[in-house]
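Accompanying notes for the structure given below.
The values are calculated or read from the model by the stated rules, or taken from the named source; none is laboratory data. Quick caveat: nothing in here was measured; it's all calculated off a predicted structure. Don't worry about glycine lacking a Cβ; one is built from the backbone with ideal geometry, like all the others, and counts go over all protein chains shown. Just the protein is used for accessible areas: all its heavy atoms, side chains included, with ligands, DNA and RNA removed. Shrake-Rupley method; radii C 1.70, N 1.55, O 1.52, S 1.80 Å.
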Amino acid sequence: DVAEHPVTDRTSESEITIDLTVDKKTIGMNWSAIGEAGSENTHVYDKENHAIAVTFNESDFVFTDDFTSLSFNYTYNGSTYTSGVNAKLAGNYEVTVALLGDNADKYTLSNPTKEYVIERKSVNVVWTNTTLTYNGSEQHPTATENTDDVCEGDDVIITVSGAMTDTNLKANKPTYEASASLVDTDAQNANYRLTTESTKQTFTITPAEL
């Protein structure tokens, strides 16, 4: 019973009342991640659910039937949910568990909250059409994702900046430079990141033949 109880000492000539506090019993627990890539606290997006499992030190319970089940709450990127603890999308997760049962309020959990991360999957950019011919319009090379880096069924949308019109000769520049980035408004892009070393590409615009 977790409460304050007055205890009266009647062995002495005068009565002495002592407030006795019975603290909640602490239950040891262990978190473990279920999934492939990553450490216990970190995974890399792979389009698979990554669950969090929790176990208790059953010997810490006074009676094994003192709790009947668990409640789970989890927060994903700042939003709180009351069902399910599987993580699939890239982002930050926090899972909190609580004991349920008639005597659950007599216990406290040693570490009831677990934080873990699903990191964005790295994608290399593949550049083509790096040598262009002058046509009077802005031009840039073509950037696409390395399909081996993208999970099956996902689409990664890349946009390119740095388009130029004049030839390198006219601009007096040996090369131009284009940059690739993910389209922010695409939901699937939130699960991916472009590798820094592949986001830049030099290109040239040569004179048109007369």
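In the condition set (1) over 16 Å from V126 (Cα atoms); (2) β-branched (V, I, T); (3) free of Cβ contacts under 8 Å to residues at least 60 places away in the same chain; (4) surrounded by 11 or more Cβ atoms within 10 Å (Cβ to Cβ), T185 is compliant with all but (4).
All conditions in (1) open to solvent by less than 80 Å² (accessible area, probe 1.4 Å); (2) within 21 Å of the chain's Cα centre (by Cα) hold for T196, with the sole exception of (1). If you go through the range 155-182 and keep only what is assigned to a loop (DSSP other than H, G, I, E, B), closer than 30 Å to N49 by Cβ and either at pLDDT 95 or above or open to solvent by 20 Å² or more (accessible area, probe 1.4 Å) (or both), you end up with D155, I157.
Taken over the range 142-152, the criterion of being open to solvent by less than 60 Å² (accessible area, probe 1.4 Å) and more than 14 Å from S181 (Cβ to Cβ) is satisfied by T142, N146, D149, V150, C151.
Restricted to the range 76-149, the set of strands (runs of 3 or more DSSP E) holding at least 3 residues that are within 30 Å of G162 (Cβ to Cβ) comprises 121-123, 125-128, 131-133, 142-145. Figure legend. Inter-residue proximity from the range 109-137: first residues in contact (Cβ under 8 Å) with a residue 24 or more places away in the chain, second residues in a strand (DSSP E or B) and of a type in the set (D, E), beta-carbon distance below 6 Å, spacing 6+ or different chains. Indicated pairs: E115/E94; V123/E145.
The C-beta contact set for the range 17-35 (first residue under 30 Å from A87 (Cβ atoms), second residue at pLDDT 80 or above and open to solvent by 90 Å² or more (accessible area, probe 1.4 Å), distance under 7 angstrom, 6+ apart or interchain) comprises G35/E48.
Conditions (1) modelled with pLDDT under 70; (2) surrounded by 15 or more Cβ atoms within 10 Å (Cβ to Cβ); (3) touching a Ser or Thr at 6+ places or on another chain (Cβ under 7 Å), marked per residue:
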residue	(1), (2), (3)
L20	no, no, no
D23	no, no, no
N41	no, no, no
A53	no, no, yes
D66	yes, yes, no
Y76	no, yes, no
V85	yes, yes, no
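For the range 199-210, the set of residues classified as closer than 16 Å to T130 by Cα and open to solvent by 40 Å² or more (accessible area, probe 1.4 Å) consists of K200, Q201, T202, T206, P207, A208, listed by residue number. Entry remark, the range 151-198: residues being among the aliphatic types (A, V, I, L, M) and under 13 Å from T130 (Cα atoms) number 4 in total.
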